[in-house]
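Peer 1: I'd like to ask some things about the structure below.
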Amino acid sequence: MSSKRRCEDSNNINVYKKTRMDGPSNVKTRVASCDNDNDRIFLEFPNSLVNALNIALDSFMDEKNWMGYIALVPLKIINSNAADGHEGFPFSKAYCCTERYTTQYSFGSIFRKGLSMLIEFILHRTTPENKQERFVLGKLLHYLFDRMDTDAEAMKNMETYMETELTAVITNHLFGKLSTSTLFTIDKHCKGNSRGERNIKTNKPVCPCEKTDCELSGDFGDTSIGNWKVWHGNVDVMVNNEVVVASPDVEAESSSTEKSPVNVKLKSSSLTGNPQIIAQNIVFSFLQKHRHPENDNFLCPCIGVTSKDIVVYLYDSIYDVLLESTIIPLHGMIASPNNNINLVAVLVSWLVVNYKYLCDGVMEEMKTMKADFFQQAEAKLSIYEAQLKAGEVGNACFTVYTRDILKNLHHPSLVELKKRKRLIFMEPSEK
Ligand SMILES: [Zn+2]
């Protein structure tokens with residue numbers, strides 16, 4: 001039905017034609033051949049999956065499509081504790097009140113590079129000339145062809161996991177598998193909450209999913225980012241040092257730890273305008289700008305996850321633009337033939353974890369829709385710009401006052417006492 005509909009829908013045809021015209025200018029392609037590409041997936045990728053991909057792609061560019069449209073909405077920060085005069089807040093206590101701009105953009109509008117690459121492959125079986133880009137495309141095709149059914153099996157009963165297990169399972173079976181490196185770091189402080197077991201033979205951490213003998217391709221470690229004078233703390237998971245994955249703090253939403261449907265609903269709704277995820281996203285974007293000034297753009301993503309859905313936030317620390325995606329169901333919608341993982345969620349994950357290769361950065365017209373973070377954090381913006389770090393970021397909450405404030409705190413008679421104190425070691429003749 002969907003293919004037929006596409007042929008009849010002139011809007012869709014225009015979108016595809018336009019994409020084809022725009023696409024190759026960004027991604028130079030060549031016809032896939034086994035000898036050159038050294039990877040049979042480009043030749044053997046089945047047509048059944050091509051058709052499913054074709055349908056799923058509508059969600060990224062066609063707001064009229066029947067199965068759900070993924071939009072990006074710019075956010076403006078109204079109030080926050082990003083530059084509190086007294087102390088820097090940990091992410092768990094980050095406060096950030098936002099309002100939404102009335103304009104929204106299609107998710108595909110900032111991932112034209114990635115979509116172009118995929119559409120050219122679907123259309124002509126061509127692959128990017130650039131080796132890294134071809135590798136990135138191969139990651140998606142391999143996941144869909146070789147792995148998805150097994151990984152979908154592991155992500156079947158997501159509501160049974162505690163939040164730390166949840167981020168580990170979804171990263172191990174989705175984000176990590178689609179990234180150029182399968183390595184990721186889980187917050188070591190979460191170890192006690194998840195199983196934290198290791199395979200005796202390989203010494204690799206055991207994946208908390210239901211599959212037997214499943215190991216994590218990542219490990220536990222230090223995931224702290226920021227600076228204790230401003231927003232800082234441990235993110236749940238860091239994928240390949242490039243993308244932050246965060247699950248909302250359930251305790252903040254409900255005191256009960258029981259996994260009831262009500263709780264699940266609360267968790268999913270808490271993905272929208274989530275202050276902790278926004279704070280992590282902003283800090284990470286500034287950190288990336290500082291660590292990798294060579295990057296093409298600094299629109300950096302942070303993925304929020306619950307047992308049912310994912311959401312993507314993107315912050316650009318050059319243009320001060322903050323975007324929030326539509327909530328994307330992890331299951332249902334367009335599922336592959338043998339499992340019910342949402343193919344749209346897989347594509348979103350692939351685009352986001354590989355944003356370095358697949359994202360074009362903010363569009364020109366987005367640049368006017370400021371998040372107002374620069375204004376909000378003005379007093380401490382220099383810390384966000386130049387003093388953030390990754391790893392060994394203390395969780396200290398004590399306060400160091402600036403020199404000016406210190407002067408005000410002195411009692412006038414203390415100055416006199418200080419003068420008196422200097423006399424202690426003076427020779428009698430100097431007094
Ligand atoms: Zn597993």
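Peer 1: I'd like the full set of residues that are in contact with a Pro (Cβ under 7 Å, 6 or more places away or on another chain) and in a loop (DSSP other than H, G, I, E, B), limited to the stretch 137-178.
Peer 2: If the condition is that a residue be in contact with a Pro (Cβ under 7 Å, 6 or more places away or on another chain) and in a loop (DSSP other than H, G, I, E, B), then Tyr161 is the only one that fits.
Peer 1: Is it true that some residue in the stretch 286-306 is modelled with pLDDT of 95 or more, open to solvent by 10 Å² or more (accessible area, probe 1.4 Å) and under 24 Å from Glu99 (Cα atoms)?
Peer 2: No: zero hits.
Peer 1: Output the residue which, of all residues in the stretch 98-156 that are within 16 Å of the ligand (Cβ to nearest atom) and touching a strand residue (DSSP E or B) at 6+ places or on another chain (Cβ under 7 Å), is nearest to Lys356 (Cα to Cα).
Peer 2: Met148
Peer 1: Taking the options Phe175, Phe184, name whichever one is within 30 Å of Lys229 (Cα to Cα) and not basic (Lys, Arg).
Peer 2: It is Phe184.
Peer 1: Right, something else. Could we say that Tyr161 is closer than 16 Å to Phe42 by Cα and within 16 Å of the ligand (Cβ to nearest atom) here?
Peer 2: It is false that Tyr161 is closer than 16 Å to Phe42 by Cα and within 16 Å of the ligand (Cβ to nearest atom).
Peer 1: What are the pairs, 6+ residues apart or on separate chains, where a residue within the stretch 158-176 that is at positive phi has its Cβ under 9 Å from a residue that is away from the ligand (no atom under 11 Å from the Cβ) and of a type in the set (Lys, Arg)?
Peer 2: none
Peer 1: Quick check: is even one residue across the stretch 179-186 of a type in the set (Val, Ile, Thr), within 13 Å of the ligand (Cβ to nearest atom) and part of a loop (DSSP other than H, G, I, E, B)?
Peer 2: Within the stretch 179-186 (the criterion being of a type in the set (Val, Ile, Thr), within 13 Å of the ligand (Cβ to nearest atom) and part of a loop (DSSP other than H, G, I, E, B)), the answer is yes, since at least one residue qualifies.
Peer 1: Right, something else. Mind listing whichever residues of the stretch 50-100 are within 18 Å of Ile119 (Cα to Cα) and either open to solvent by less than 20 Å² (accessible area, probe 1.4 Å) or in contact with a Gly (Cβ under 9 Å, 6 or more places away or on another chain) (or both)?
Peer 2: Those that are within 18 Å of Ile119 (Cα to Cα) and either open to solvent by less than 20 Å² (accessible area, probe 1.4 Å) or in contact with a Gly (Cβ under 9 Å, 6 or more places away or on another chain) (or both): Val50, Ala52, Leu53, Ala56, Leu57, Asp58, Ser59, Phe60, Met61, Asp62, Asn65, Ile70.
Peer 1: I'd like the full set of residues that are open to solvent by 50 Å² or more (accessible area, probe 1.4 Å) and either within 16 Å of the ligand (Cβ to nearest atom) or at pLDDT 90 or above (or both), limited to the stretch 198-233.
Peer 2: Matches in the stretch 198-233: Arg198, Thr202, Lys204, Glu210, Lys211, Thr212, Asp213, Glu215, Asp219, Asp222, Trp228, Lys229.
Peer 1: Right, next: Please give the number of the condition Gly192 fails out of (1) at pLDDT 90 or above; (2) more than 16 Å from the ligand (Cβ to nearest atom); (3) open to solvent by 10 Å² or more (accessible area, probe 1.4 Å).
Peer 2: Result: Gly192 passes all but (1).
Peer 1: Ok, one more. Within the stretch 112-130, which residues are touching a Lys or Arg at 6+ places or on another chain (Cβ under 9 Å) and not in a helix (DSSP H, G or I)?
Peer 2: Thr126, Thr127, Pro128, Glu129, Asn130
Peer 1: Is at least one residue of the stretch 247-257 within 16 Å of the ligand (Cβ to nearest atom) and either outside any loop (DSSP other than H, G, I, E, B) or at pLDDT 85 or above (or both)?
Peer 2: No - not one qualifying residue is present in the stretch 247-257.
Peer 1: Pairs only if they're at least six apart or on different chains, beta carbon under 6 angstrom, first in the stretch 208-224 and of a type in the set (Gly, Ala, Ser), second within 11 Å of the ligand (Cβ to nearest atom); list them, first residue then second.
Peer 2: Within 6 Å, the pairs are Ser217/Gly176.
Peer 1: Report yes if some residue within the stretch 337-351 is touching a strand residue (DSSP E or B) at 6+ places or on another chain (Cβ under 7 Å), modelled with pLDDT under 90 and under 18 Å from Val283 (Cα atoms); otherwise report no.
Peer 2: No, the stretch 337-351 contains no residue that is touching a strand residue (DSSP E or B) at 6+ places or on another chain (Cβ under 7 Å), modelled with pLDDT under 90 and under 18 Å from Val283 (Cα atoms).
The values are calculated or read from the model by the stated rules, or taken from the named source; none is laboratory data. Only a predicted model underlies this, so the values are computations on that prediction, with no experimental measurement involved. All Cβ positions, glycine included, derive from the backbone under ideal geometry; neighbour counts span all protein chains shown. Note: accessible area is taken over every heavy atom of the protein model, side chains too, but ligands, DNA and RNA are not part of it. Shrake-Rupley method; radii C 1.70, N 1.55, O 1.52, S 1.80 Å.
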